[in-house]
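Quick notes on the structure that follows.
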Amino acid sequence: MKVDYIIVGMGLAGIAFSKKLLAENKSFVVFENESQHSSVVAGGMYNPVVLKRFTPVWNAEDQLKIALPFYQELESTLQAHYNYALPIHRIFKSVQEQNNWFVACDKPLMQDYMLPSVGTDKNPGLVSDFGYGKLVNTGRIDTKTLLKDYRTFLMDKELIKMESFVYDALEHLEDSVLYKGISAGKIVFCEGYGMLQNPWFKDLPMQEAKGELITIHAPALKVDYLIKAAVFVMPIGDDLYKVGATFNWKDKTNSPTLAGKEELLMKLEMFLTCPFTVVDHVAGIRPTVKDRRPLVGVHPIYKNYTILNGLGTRGVMIAPQAANQLYDCLAHNITIPKDVCISRFKS
Ligand SMILES: Cc1cc2nc3c(=O)[nH]c(=O)nc-3n(C[C@H](O)[C@H](O)[C@H](O)COP(=O)(O)OP(=O)(O)OC[C@H]3O[C@@H](n4cnc5c(N)ncnc54)[C@H](O)[C@@H]3O)c2cc1C
């Protein structure tokens with residue numbers, strides 16, 4: 001078997017790179033072993049404003065210009081709905097926060113997203129003594145359904161092998177790589193936190209961050225916007241809401257924990273007063289990098305080994321742009337921007 005690319009990992013990074021290959025008429029095969037869950041459990045939110053400090057998210061405008069058409073194309077290819085527009089109500093904790101909001105609203109980049117007023121929520125199920133600021137042009141991608149549908153789409157075309165990629169079986173040749181009888185021009189590693197098992201890239205400074213989410217059923221809540229307070233509450237239909245997420249820098253397992261659930265419930269009950277029941281609880285590890293930028297690039301010695309990783313807490317917005325940057329480098333020799341290129345860690 002001969003292909004242009006082997007891809008290891010089918011999370012958001014793997015989807016973004018393989019979709020680019022399909023658009024460019026390149027051949028590929030994907031290996032996926034379901035060892036990591038980040039893209040499956042993600043809240044899927046896209047939002048270009050840092051909700052803690054009301055500052056712009058790094059590179060968000062450029063990322064969204066690529067990401068929104070990207071998800072729209074996937075919707076049309078797979079004949080399904082993944083992108084749900086969802087305004088955000090950022091609940092204020094103090095008058096100081098209200099003032100900071102107005103200052104941020106005046107900044108040019110923020111005007112398309114932050115409305116310059118303080119809203120008052122009359123919902124009896126919510127406590128918001130200082131009101132809220134409203135963000136628009138934000139939304140969520142249903143990453144779980146997207147991943148399921150996209151994997152099925154690749155299976156139907158026999159482009160994905162649901163098995164572990166065995167690093168010892170890979171050979172680097174002068175102009176190609178060879179893996180268990182498959183010859184490919186390049187290999188692209190998109191393993192998320194699984195990167196730490198990869199002999200060629202494991203030394204890159206990943207600071208993986210475990211996250212847990214619960215889903216609650218709250219029939220009396222009746223909101224059609226995302227609430228951001230101590231945690232976020234995201235409507236997903238049928239009176240169900242995702243609530244998240246925790247950050248744990250020590251626990252490296254994918255398992256939901258009692259401590260994670262209790263933390264979410266404690267934070268939720270600070271502002272949600274209506275009755276609810278917990279119906280689901282999931283966890284995954286975000287592939288976060290020391291400097292909070294993606295890991296895109298080519299191995300310094302093995303030139304046919306490449307990586308697309310480090311999507312951190314914002315994979316939905318970053319993945320499509322980072323995939324294009326890697327492809328443009330491999331196919332057209334276009335330099336990868338310094339702030340995302342793995343060569344920044346050369347020393
Ligand atoms: C709780 C939580 C909430 C989040 N919320 C958001 C959000 O609201 N918005 C947002 O943008 N981002 C969010 N994120 C972050 C987002 O999920 C990540 O940025 C993104 O999913 C990373 O995608 P990835 O493809 O790099 O990694 P992964 O999703 O981890 O995919 C890597 C894939 O590689 C496979 N793999 C690994 N090793 C091997 C191997 N040896 N052989 C075969 N396959 C292998 C794994 O099984 C996995 O499927 C959240 C993450 C978590 C955990």
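The values are calculated or read from the model by the stated rules, or taken from the named source; none is laboratory data. Note that this is a predicted model, so its numbers are computed, not measured. Heavy atoms of the whole protein, side chains included, go into the accessibility calculation; ligands, DNA and RNA do not. Shrake-Rupley method; radii C 1.70, N 1.55, O 1.52, S 1.80 Å.
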Whole-number Å³ per residue for the convex hull built on Cα positions in the chain
140
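Could you please put Trp249, Trp58 in sequence from largest to smallest accessible area, using a 1.4 Å probe?
Details: Trp249 115, Trp58 60 Å².
Largest to smallest exposure gives the sequence Trp249, Trp58.
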Could you bin all the Cα-Cα distances of the stretch 25-129 into 10 Å bins starting at 0 and give me the percent of pairs in each, rounded to whole numbers?
11, 30, 31, 19, 7, 2
Taking every alpha carbon pair in the stretch 1-56 and sorting the distances into 10 angstrom bins from 0 up to the bin holding the longest one, the percent per bin comes out as 20, 36, 26, 15, 3, 0
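At a threshold of 8 angstrom on Cα-Cα distance, excluding pairs fewer than six apart, so keeping six or more, what relative contact order does the chain reach in percent? Could the numbers behind the result be given before it?
Details: 697 pairs, mean separation 79.6, N = 347.
Relative contact order for the chain comes out at 23 percent.
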Applied in sequence order to the stretch 32-38, the curve 6.51 cos²θ - 1.76 cosθ + 1.60 (Karplus, θ = phi - 60°) yields integer Hz couplings, x standing for Gly and Pro, of 9, 10, 6, 7, 10, 10, 3
Could you tell me what percent of the accessible area of the stretch 67-149 is made up of carbon and sulfur, with a 1.4 Å probe and every protein chain present?
54
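For the stretch 127-269, report the translational diffusion coefficient in µm²/s to the nearest whole number, using Stokes-Einstein at 4 °C, 1.567 mPa s, and a Kirkwood Rh over Cα pairs.
Values: Rh = 19.3 Å.
For the chosen part, D equals 67 µm²/s.
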Alpha-carbon radius of gyration plus Dmax, which is the widest Cα pair, for the stretch 139-221 in Å:
18.1, 63
Please list, short to long, the whole-number percent of alpha-carbon pairs of the stretch 232-347 in consecutive 10 angstrom bins beginning at zero.
11, 32, 25, 19, 11, 2
Connecting C-alpha atoms closer than 10 Å in a GNM of the chain, tell me which of Arg292, Arg140, Arg53 has the biggest fluctuation.
Arg53
